[in-house]
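S.K.: Just passing along the structure, written as structure tokens.
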Amino acid sequence: MNRIYLATRSERAGHWINAVGFVLLVLSGFNIHFAREFNVFGTFNAAVAVHNMVGIAVTMNYILWWFYSVGSRRIRFYMPDRDDLAPGLIRQARFYLLGIFQGAAHPFAEGEARKFNPLQKWTYLGVMVVLFPIQIVTGLWLFYLIRGWQDATSAQLRILGVTHNMFAIMLTAFLLGHIYLATTGETPWAHFKMMFTGYSHAHGEVVPVDEGVSDEMA
Amino acid sequence: MALLASRQVKAGKAVAALGFLMLLGGIGSGAVLLNTDDVGHSPPPEDLPAALPESVLSCAACHLNPGLQPSYRDEAGRLHQGYIDADAYVGSIHFRRDMRECTDCHDGDYSRFPHPKGNPEPSCHDCHENFEEEYSDIQVAVAASVHKSGGAAGAFDCATCHSPHTMVPAREMTVREKNAGCVECHEKRYNPTGLTLEQRHAWHPQAALHLERVACIACHTQPSGTDFSFRHNIRPSSEATSDCYACHSADTKMAAYEGSFFGGRPQVYTRTQLVRAYYMSGGTRSASMDRLGLALLLLVVLGTATHGALRFVLRRRRRA
């Protein structure tokens, strides 16, 4: 079994800061939105305070992530190649829908050149490049308006608020899916361990990218 | 009547204080204070608004004097507040519409004290019923309200909530002013449970905020019809709004409180307030979107749970 160093120390630190922040934002966000039904922080104002502070912390963490990923060129792991779009995605999806139940090997083994499977690449890219920025911009903008630093109409607030809500739901859906899929490693805990130690125990033997296992099943 | 009982003490105190003042005045300055029948000699309080007409000053020593709040109760149990806040009087719609002198509304003999019995008692309807139909609509709404259907009915009329001396159109009232009458009576004068309003609204996670910044009538009346008189039809508390979505949603109930009999917008809820002073999450909340979003999340949870269960079951079977 070969150990691969997949996640650097900075990546792991960033990941867990983000993870804790993310969960707090979801909880406090729901508290603000469903003030009566979901009052987990006790008071509305407490939820708002947590949401504002954590929101800003997560924003800074996000900016650091860009500096680090681009600076270290590890952003390349997120870049899809030509195989990743339709064929790779289909193979990975088929694995989750069928192969995983039959004990098939993961179609995309981790290695020096590959950290993520195609599904991961696309969702992480979507989250980091589309969802997060929209959420951060609408969140900061709302903060700005509500503080009364700028005049605004309720129509503006509504558009911002609804957008912020919509993307919050998508991000929450991502979070749930992400946590679940993290249990689909070699053992249910394998991926979680990797995110703490940085090392992955590669699945079985390394399978060349261009002839995935799942093709045999087709 | 028990309802307004605590104030009777006040009326007594006022008369006692009055007597004491007269005594002091008589001994101290030698000038005769109210010792004669002519009330015109009593000195008015200082710092009265300059806009007050001459004739009012003769009544000011007693009726515009915050230290002396003559009040009394009539046979029906209604409390009559004899104190008039001078600034509110000058700011009132009647003063601004040129009804400045007390005698514009009170004809009768008030030049002496104690005032002679039998002066006619004016009411809003003396003047208003004849010239605007809105007032009779309001009267119908008040008559249908919870205040007129219970045992306290006799104690209620327009002046219980509105003083003609300080009345302004709704668009000029602050939320606090609109609520002041309700709060004063329900916390102190008529409070059979002894609980504060905040305690009685404890079901609301933001009770204090809403009691302070939302008009009571926004929950305690229900919009209906095309005129604005429904705002006077206070419903029994079983019909009060407790659904957050009624206000915190795109088609907010609050919109029904924006218009006014007299044009303009009363201050229950204005755009500037919405943005400047408060952010009503409601403006940004849509019930259908919430349902859609929650359905999506539920789907994800169910989907992953099924997937996980399948994995678990099939893995065991494979091993076996």
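Any read-out appearing in this document is the output of simple, stated calculations on the displayed coordinates, not a laboratory observation. What you see is a predicted model, and the numbers here were worked out from it, not measured in a lab. Methodologically, a virtual Cβ is constructed for each residue, glycine included, from the backbone with ideal geometry; neighbour enumeration extends over all protein chains shown.
S.K.: What nm value, rounded to one decimal, do you get for the distance between residue B:237 and residue B:71 when each label is placed 7 Å out toward the C-beta?
M.R.: So the label points at residue B:237 and residue B:71 sit 2.3 nm apart.
S.K.: Then there is this: Using the Karplus curve 6.51 cos²θ - 1.76 cosθ + 1.60 with θ = phi - 60°, work out ³J(HN,Hα) for each residue of segment A:19-24 in order, rounded to whole Hz, and write x for Gly and Pro.
M.R.: 4, 5, x, 4, 5, 4
S.K.: Which residues' amide hydrogens lie under 5 Å from the amide hydrogen of residue B:80, considering only partners 5 or more residues apart or on another chain, with H built in the peptide plane?
M.R.: Amide H neighbours of residue B:80: B:72, B:73, B:74.
S.K.: How do A:123, B:306 line up, fewest other C-beta atoms within 10 Å first?
M.R.: Ascending Cβ contact count within 10 Å gives the list B:306, A:123.
S.K.: Placing unit charges on C-beta atoms (Lys and Arg positive, Asp and Glu negative, everything else neutral), compute the dipole magnitude of chain A about its Cα centre in debye, rounded to 20.
M.R.: Using only the charged Cβ atoms, the result is roughly 620 debye.
S.K.: Moving to a separate point now. Suppose R0 equals 30 Å; then what is the FRET efficiency for residue A:123 and residue B:246 from their Cβ-Cβ distance, rounded to the nearest 0.05?
M.R.: Numbers: r = 38 Å, r/R0 = 1.28.
Efficiency, rounded to the nearest 0.05: 0.20.
S.K.: Let me ask something else. Relative contact order of segment B:40-116: what whole-number percent is it, with Cα pairs under 8 angstrom and at least 6 residues apart?
M.R.: It rounds to 25 percent for segment B:40-116.
S.K.: Relative to the longest principal Cα axis of chain A, at what angle does helix A:154-181 sit, 0 to 90 degrees, rounded to 10?
M.R.: The answer is roughly 30 degrees.
S.K.: Here's a follow-up. Would you list B:161, B:62 from fewest to most Cβ contacts within 10 Å?
M.R.: Values: B:161 17, B:62 21.
Lowest count first: B:161, B:62.
S.K.: Order of B:192-202, B:50-60 by packing, highest average Cβ count within 10 Å first?
M.R.: Ranking, from highest mean packing down: B:50-60, B:192-202.
S.K.: Further, regarding this structure: What spacing in nm lies between the two simple spin-label points modelled at residue A:180 and residue B:198, each 7 Å away from Cα in the Cβ direction?
M.R.: A separation of 4.4 nm, rounded to one decimal place.
S.K.: What's the whole-number percent of alpha carbon pairs in chain A lying beyond 27 angstrom?
M.R.: Values: 9743 of 23653 pairs.
It works out to 41 percent of all Cα pairs.
S.K.: Sticking with this one: Which order, highest average first, do B:137-146, B:221-230, B:109-118 follow once you tally other Cβ atoms within 10 Å for each residue and take the mean per peptide? Mind showing how you got there, number by number?
M.R.: Values: B:137-146: 17.7, B:221-230: 15.7, B:109-118: 11.6.
Highest mean packing first, the order is B:137-146, B:221-230, B:109-118.
S.K.: Given the Cα-Cα distance of residue B:134 and residue B:107 and 0.36 nm per residue of separation, how much length would full extension add, in nm?
M.R.: Result for the pair: 7.1 nm of gain on full extension.
S.K.: What whole-number volume per residue, in cubic angstrom, does the convex hull of the C-alpha atoms of segment B:40-116 give?
M.R.: On the way: hull volume 8.5 nm³, N = 77.
Cα convex hull per residue, to the nearest whole number: 110 Å³.
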